[in-house]
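Presented below is the structure to which this report refers.
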Amino acid sequence: MRKVLFICARNRLRSPTAEAVFAHWPGVETASAGLAPDADQPVEPELLAWADLIFVMEKRHRARLAARFRHQLGGKKIVCLDIPDDYAFMEPALVALLEKKVGPHLAPAAPRR
């Protein structure tokens, strides 16, 4: 089971949408969190330790994550999705964008011959 963490600022729109969209993908377990002090679910060291793969919505999220949690991120793959804070929770355009940008990272690897 691949453990995937989605991070945005306040954990109210983009990252919870991503968590919901990919929660039912085979072989994937999801969580989401936010970097702002008033985030619904703040980023915590335990969440970072749990995650195999971390997605951030913006470059500034990656920078803030690295500044605050440098020691907890050793060896973690962090992917920036470049998705601005322009969408509502579960908005179809956001869901489509997430599927397009995240899906290839979660697709099973092609069998080797």
(message) Go through (1) open to solvent by 30 Å² or more (accessible area, probe 1.4 Å); (2) within 25 Å of residue 92 (Cα to Cα); (3) in contact with a strand residue (DSSP E or B) (Cβ under 6 Å, 6 or more places away or on another chain) for residue 22 and report which single condition fails.
(response) (1)
(request) Kindly list, by first and then second residue, each pair from a residue in region 48-75 that is closer than 23 Å to residue 13 by Cβ to a residue that is aromatic (Phe, Trp, Tyr) and open to solvent by less than 10 Å² (accessible area, probe 1.4 Å), limited to pairs with Cβ atoms under 7 Å and residues at least 6 apart or on different chains. (result) 55/6
(message) Here is a check on your reading of the model: is residue 78 modelled with pLDDT of 95 or more, open to solvent by 20 Å² or more (accessible area, probe 1.4 Å) and closer than 15 Å to residue 4 by Cβ?
(response) yes
(message) Checking the condition over 23 Å from residue 97 (Cα atoms) and surrounded by fewer than 21 Cβ atoms within 10 Å (Cβ to Cβ), which residue from 86, 52, 38 passes?
(response) 38
(request) Count, please, the residues in region 1-13 that happen to be open to solvent by less than 20 Å² (accessible area, probe 1.4 Å), closer than 19 Å to residue 103 by Cα and over 9 Å from the mean Cα position of the chain (by Cα). (result) 0
(request) Kindly indicate whether any position in region 56-63 is modelled with pLDDT of 95 or more, of a type in the set (A, V, I, L, M, F, W, C), open to solvent by less than 80 Å² (accessible area, probe 1.4 Å) and over 18 Å from residue 98 (Cα atoms). (result) yes
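The values are calculated or read from the model by the stated rules, or taken from the named source; none is laboratory data. In this text the structure is predicted, and so the values were computed from the model without any measurement. Note that we place each Cβ from the backbone using ideal geometry, even for glycine, and neighbour counts take in every protein chain shown. Just so you know, the surface numbers come from the protein's heavy atoms only, side chains and all, with ligands and any DNA or RNA stripped out. Shrake-Rupley method; radii C 1.70, N 1.55, O 1.52, S 1.80 Å.
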